[in-house]
There are 2 protein chains.
Amino acid sequence: MATYAKGLEGVIAAETKLSFIDGEKGVLEYIGIPIGELASKSTFEETVFFLWNGRLPKKAELADFTSQIRQRYDLHPAMEAMLTSLPKTAEPMHAVRTLVSALGLHDPKPDAIDLPSVREKALTIFAVVPTILASFHRHRTGQPMVKPDKNLPLAENFLYMLNGKRPTPTMARAFDVCMILHADHGFNNSTFTARCIASTESDIYSAVTGAIGSLRGPLHGGANEGVMKMLNQIPTVADAEKFIVDKLNKKDKIPGFGHRVYKAYDPRAAHLKSLAEQLARDTGNLALFEKSTAIEAVMNREKAAKGIYPNVDFYSATTYHCIGLPLDMFTPAFVIARAGGWSAHVLEQLGNNRLFRPDVDYTGPHAVSYTPIESR
Amino acid sequence: MATYAKGLEGVIAAETKLSFIDGEKGVLEYIGIPIGELASKSTFEETVFFLWNGRLPKKAELADFTSQIRQRYDLHPAMEAMLTSLPKTAEPMHAVRTLVSALGLHDPKPDAIDLPSVREKALTIFAVVPTILASFHRHRTGQPMVKPDKNLPLAENFLYMLNGKRPTPTMARAFDVCMILHADHGFNNSTFTARCIASTESDIYSAVTGAIGSLRGPLHGGANEGVMKMLNQIPTVADAEKFIVDKLNKKDKIPGFGHRVYKAYDPRAAHLKSLAEQLARDTGNLALFEKSTAIEAVMNREKAAKGIYPNVDFYSATTYHCIGLPLDMFTPAFVIARAGGWSAHVLEQLGNNRLFRPDVDYTGPHAVSYTPIESR
């Protein structure tokens, strides 16, 4: 009888030099640098350069990389026309999946997979995803679009285009740090999907489009919205204890807790917690933060012994809410971050490619005859 | 040191009751029925019902299933408007990936993953993909669109919408058989991609969109176009021998030969070979068929001992050419077929789901310090 690990849990699918996770110790490193160092010292653009090149940029390189990204902030006019033709009721994740796919229609050589061409296309996707998301949000809410400001970093520019005004420096930095923390994370499902697609020697538009579809799922990137919905269901800090205990008694999962990989505190959650606290104070949302810490205290008492701790989604929710992101833009914000990591993985996959084509354990019948329709 | 199978070769990724491949013996069964029986006795619609339901339909069930498909042939007017706004230079695979993604924008409940809802969405995708492809081809060639004919089976209706006239009965049946042969094939990359995406509990639009992106790749569905390009490079039957020997001497791969799974004759290729011969005779393309058999003879002499035989792509090329498909519609035709199989796999995955989230062997450095930009 064949045995296999369901969901490929514990099965090594490839090599990578990009990110390392020690789930027992709660360690995440990008190319060796602990995520905490990058979160406190780097910027999102620098981190993405690092992932794409395997080393931190020199000053002139970073300036050039940043400039290349900013030159690509604008949407192609035909893309803008498509965007404004989308139904206003559409969900942002379906819109961004469709529009990233559509980028391939306007590329004269969409299928080129030599590494310099893929890097060019990756830059375009990376630069334009925030514009797509912010513009779609303006479109669906009946507000005029806001042109990108090429003097602003990518994450800050997204908030500017979304809200039509510049965020506070605290918000801009918090969102930039969120993007660093979410940029890469081993063979999570969307990254694995992107590499699977790229392994057929298909194009990077296909790979990133597929990855966006994966990230949408409630078991993946969609989880941060689940946390916010839960926080909204709890009237006050005093109600958190009972709410969680009731859910645990019903064997419900608590959104934002536990992770396939981490059996210790998710190192990203630790950083997000302090960001969330500061932002909550600054924006008058302290009650929301206190609800979160109350939930964490209950979960710590009930579940920490089983290795269930807050994951990256838990304090993302408060952080994004305080920054002013609408609920259904939480997962799209994750797309902005992960676009950097997906592209790094596509480049790595194409550098040493082998088609992903696993086996399957067939459990059905054999050698069955075709019964004519009259005899069924 | 960690070991792993590159490309997950030989690694079992899940269970399935859908298709069984014995690569050593050259066997392919759908739910136990040998592919040859289905190709000679079934229809594409019946085969897809079979894959989705695990049993062949009774007469009334097949009539109902067929009617439900035909009711969904038409494109939503907003989809048609999007289609006619696409650049005419776009490649059909990029167009169909974008437009299948866009179906999610017009669905009032795109994210529903209860099985009845997923089946409804699968029916829509399955029914409308041919309309998308044929309409895009008419659009890009400056021809008026042809409304679907709801009296025609799906495969025949595609050829009708594409060319503006009904195919001959031989062509219609040959194309229907091609669709049966291509409907499912274990954990090929696009099917695996669809299941990966669905395993996050994301929607079926996301899963199929990702699968189309995967199928585009030259190492996957894109391979049948490579065969036709090769055939076009060989002036006459007499030139085939030298052409192939020269390629083999240069260690070039020969498109349409060899398969990760089959070390014997691909059972689909056997059926396609006889279809191709008949169509080539009917349509005055016998020289093309003879070039193909001449190539096969050389390859048989040089490579059969190594288990390298024609695969499904090899005689697909001649078949599609004789049916009148333009070269860059070969892979899109594969989408029509595999849409049936992908949906069957998404339904199977959701029926017993576990998130795909493999491990990775990290080969980079550890505990590296962040060097400030001035010191790099």
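The values are calculated or read from the model by the stated rules, or taken from the named source; none is laboratory data. It should be emphasised that the depicted structure is a prediction, and the values quoted were computed from it without experimental measurement. Reconstructed Cβ throughout: ideal geometry from the backbone, glycine too, with neighbour counts over all protein chains shown. Protein only, heavy atoms only, side chains kept; ligands, DNA and RNA dropped before computing areas. Shrake-Rupley method; radii C 1.70, N 1.55, O 1.52, S 1.80 Å.
Being more than 21 Å from B:Ala39 (Cα to Cα) and among the basic types (Lys, Arg), is that true of even one residue in region B:273-280? No; the residues of region B:273-280 include none that is more than 21 Å from B:Ala39 (Cα to Cα) and among the basic types (Lys, Arg).
When restricted to residues that are under 21 Å from A:Leu28 (Cβ atoms) and either open to solvent by less than 50 Å² (accessible area, probe 1.4 Å) or touching a residue at least 60 places away in the same chain (Cβ under 8 Å) (or both), region B:336-367 contains 8. For the residues B:Ile373, B:Ile295, the requirement of being of a type in the set (Val, Ile, Thr), more than 29 Å from B:Val11 (Cα to Cα) and within 14 Å of another protein chain (Cβ to nearest Cβ) singles out B:Ile373. Of all residues in region B:58-95, those satisfying the criterion of being under 21 Å from the mean Cα position of the chain (by Cα) and within 10 Å of chain A (Cβ to nearest Cβ) are B:Ala90, B:Glu91, B:Met93, B:His94, B:Ala95. Counting only residues that are more than 7 Å from chain B (Cβ to nearest Cβ) and not charged (D, E, K, R), region A:206-231 holds 13 of them.
For region A:102-124, enumerate the residues that are in contact with a Phe, Trp or Tyr (Cβ under 8 Å, 6 or more places away or on another chain), part of a helix (DSSP H, G or I) and within 13 Å of another protein chain (Cβ to nearest Cβ). Give the derivation first.
Step one: filter region A:102-124 for residues in contact with a Phe, Trp or Tyr (Cβ under 8 Å, 6 or more places away or on another chain), giving A:103-104, A:107, A:110, A:119, A:121-122.
Checking which are part of a helix (DSSP H, G or I) leaves us with A:103, A:119, A:121-122.
Within region A:102-124, A:Leu103, A:Lys121 meet the criteria.
For the structure I just gave you, tell me whether A:Thr47 is outside any loop (DSSP other than H, G, I, E, B) and in contact with a strand residue (DSSP E or B) (Cβ under 8 Å, 6 or more places away or on another chain). Here the answer is yes, as A:Thr47 does meet what is asked.
Please state which one of B:Leu99, B:Leu38 is out of contact with any His (no Cβ under 9 Å at 6 or more places or on another chain) and under 19 Å from B:Arg173 (Cα atoms).
Values: B:Leu99 fails: under 19 Å from B:Arg173 (Cα atoms).
Among B:Leu99, B:Leu38, only B:Leu38 is out of contact with any His (no Cβ under 9 Å at 6 or more places or on another chain) and under 19 Å from B:Arg173 (Cα atoms).
The single residue among A:Glu15, A:Glu24, A:Glu61, A:Glu29 that is assigned to a helix (DSSP H, G or I) and either open to solvent by 20 Å² or more (accessible area, probe 1.4 Å) or without any contact (Cβ under 8 Å) to a residue 24 or more places away in the chain (or both) turns out to be A:Glu61. Scanning region A:111-136 for residues that are over 17 Å from A:Ala339 (Cβ atoms) and in contact (Cβ under 8 Å) with a residue 12 or more places away in the chain turns up A:Asp111, A:Ala112, A:Ile113, A:Leu115. For region B:64-86, filtered to residues that are farther than 26 Å from A:Glu374 by Cβ and among the charged types (D, E, K, R), the residue that is surrounded by the fewest Cβ atoms within 10 Å (Cβ to Cβ) is B:Asp74. Taken over region A:1-54, the criterion of being more than 9 Å from chain B (Cβ to nearest Cβ), small (Gly, Ala, Ser) and farther than 30 Å from B:Gly351 by Cβ is satisfied by A:Gly26, A:Gly36, A:Ala39.
Look through region A:235-258, keep the residues that are within 26 Å of the chain's Cα centre (by Cα) and away from chain B (no Cβ under 14 Å), and return whichever of them is most open to solvent (accessible area, probe 1.4 Å). Even if it seems obvious, please write down each step before you answer.
Restricting attention to region A:235-258, the residues satisfying the condition of being within 26 Å of the chain's Cα centre (by Cα) are A:252-258.
Adding the requirement that they be away from chain B (no Cβ under 14 Å) leaves A:252, A:254, A:256-257.
Working: A:Asp252: 61, A:Ile254: 12, A:Gly256: 6, A:Phe257: 26 Å².
It comes out as A:Asp252.
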